[in-house]
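*Asks:* To start, I am sharing the structure in question, which I have written as structure tokens.
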Amino acid sequence: MRRIAVSLTKGGVGKTTTAVNLAAGLASAGFEVLLIDADTQGQAGKSLGVQPASGLNELVAGEASLEQVITPARERLALLAGSKSLAGLKRLIARRDFGAERTLAEALAPLDGRYDFVIVDTAPGWDVLTINVLFYADEVLAPVSLEVMTLQGLSEFAQSLASIQRYREGLALRYVLPTFLDRRVRKSEEILAQLGAYYPTQLCQPIRYNVRLSEAPGYRQHIFEYAPNSPGAEDYHRLTERIANDGA
Ligand SMILES: Nc1ncnc2c1ncn2[C@@H]1O[C@H](COP(=O)(O)OP(=O)(O)O)[C@@H](O)[C@H]1O
Ligand SMILES: [Mg+2]
């Protein structure tokens, strides 16, 4: 079972879009997928039209079982939502005397082996919940927007990640995904070249700027449902194939 966190400290870089469409792409390819929404906004679930009453908060609090918090979203695609109050979850975690950073990993341990992929969407910023996600995931996919200069954001994030990797050797920044590519913008090409120089093995084919990607959530659909022939679907299909082909 591969556990992939879609994460970057900066907001608006395409984390949720990537988590949702990658999860949907993998499910369509025949894999059993669990999408975990660890963002306070609950966008991932909403964009698929699934808003379960309970989620991570209730699970960690012991108020609900795993069976109760996992909701089918599509064929082979299940959702574990953040629930209404991830703030409550953060308080729960903070209250623990020790081992707080492993709270989530412990609660999710019974899922091991049940899915081919667990994809976790994370909130921007760096807090106890993000840290908990990174103590659970083995692979990190960092979307980097080519629109706003986030190269510095990526190196800062990589430094924060290194502080966790000291305790978790298995955790790897495995994918760097350029997003919002617009070939007409020269800066895009420049950032892309820099990313390739710093992260040659992690660099994925970019996701182009595509308005269909921003419209799909409003229709409660992922891109393969909403606009299967769009550039957005093509790009996320390519990403899905790369990740699936990488194996365990
Ligand atoms: N490649 C893209 N082209 C156009 N719009 C996009 C693209 N990726 C994401 N968006 C839109 O940009 C906004 C921010 O993306 P989102 O995935 O929510 O970022 P994050 O989760 O990192 O905050 C959303 O409105 C989303 O629909
Ligand atoms: Mg988001």
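*Asks:* Cβ-Cβ under 6 Å, sequence separation 6+ or interchain: first residue in segment 28-53 and without any contact (Cβ under 8 Å) to a residue 40 or more places away in the chain, partner outside any helix (DSSP H, G or I) and within 13 Å of ligand 1 (Cβ to nearest atom). Which pairs?
*Replies:* G45/D37
Matching residues to (1) of a type in the set (D, E, K, R); (2) over 15 Å from S145 (Cα atoms); (3) at pLDDT 95 or above; (4) in contact with a strand residue (DSSP E or B) (Cβ under 8 Å, 6 or more places away or on another chain):
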{"site": "N210", "(1), (2), (3), (4)": "no, no, yes, no"}
{"site": "L213", "(1), (2), (3), (4)": "no, no, yes, no"}
{"site": "I223", "(1), (2), (3), (4)": "no, yes, yes, no"}
{"site": "Y226", "(1), (2), (3), (4)": "no, yes, yes, no"}
{"site": "N229", "(1), (2), (3), (4)": "no, yes, yes, no"}
{"site": "G232", "(1), (2), (3), (4)": "no, no, yes, yes"}
{"site": "D235", "(1), (2), (3), (4)": "yes, no, yes, yes"}
{"site": "R238", "(1), (2), (3), (4)": "yes, yes, yes, no"}
{"site": "A244", "(1), (2), (3), (4)": "no, yes, yes, no"}
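*Asks:* What residue, among those in segment 196-231 that are in a helix (DSSP H, G or I) and under 17 Å from the mean Cα position of the chain (by Cα), is nearest to ligand 2 (Cβ to nearest atom)? It would help to see each step written out before you state the result.
*Replies:* In the first step, residues of segment 196-231 are kept if they are in a helix (DSSP H, G or I); the result is 196-198, 211-219, 223-226, 231.
Narrowing further to those that are under 17 Å from the mean Cα position of the chain (by Cα): 213-214, 217, 223.
Values: L213: 13, S214: 13, P217: 11, I223: 16 Å.
It comes out as P217.
*Asks:* Now, a different point. Return yes or no: is L48 more than 12 Å from the chain's Cα centre (by Cα), modelled with pLDDT of 95 or more and more than 9 Å from ligand 1 (Cβ to nearest atom)? Lay out the reasoning, then the answer.
*Replies:* Details: more than 12 Å from the chain's Cα centre (by Cα): yes; modelled with pLDDT of 95 or more: yes; more than 9 Å from ligand 1 (Cβ to nearest atom): yes.
Yes; evaluated as a whole, the condition is true for this residue.
*Asks:* Suppose we filter L89, L26 for residues that are farther than 30 Å from Y226 by Cβ and crowded, with 21+ Cβ neighbours inside 10 Å; which single one remains?
*Replies:* Values: L26 fails: farther than 30 Å from Y226 by Cβ.
Among L89, L26, only L89 is farther than 30 Å from Y226 by Cβ and crowded, with 21+ Cβ neighbours inside 10 Å.
*Asks:* Go through (1) in contact with a strand residue (DSSP E or B) (Cβ under 7 Å, 6 or more places away or on another chain); (2) surrounded by 14 or more Cβ atoms within 10 Å (Cβ to Cβ) one by one and return the number of the condition G196 breaks.
*Replies:* Failing condition for G196: (2).
The values are calculated or read from the model by the stated rules, or taken from the named source; none is laboratory data. Only a predicted model underlies this, so the values are computations on that prediction, with no experimental measurement involved. With ideal geometry, Cβ positions are generated from the backbone for all residues, glycine too; neighbour counts draw on all protein chains shown.
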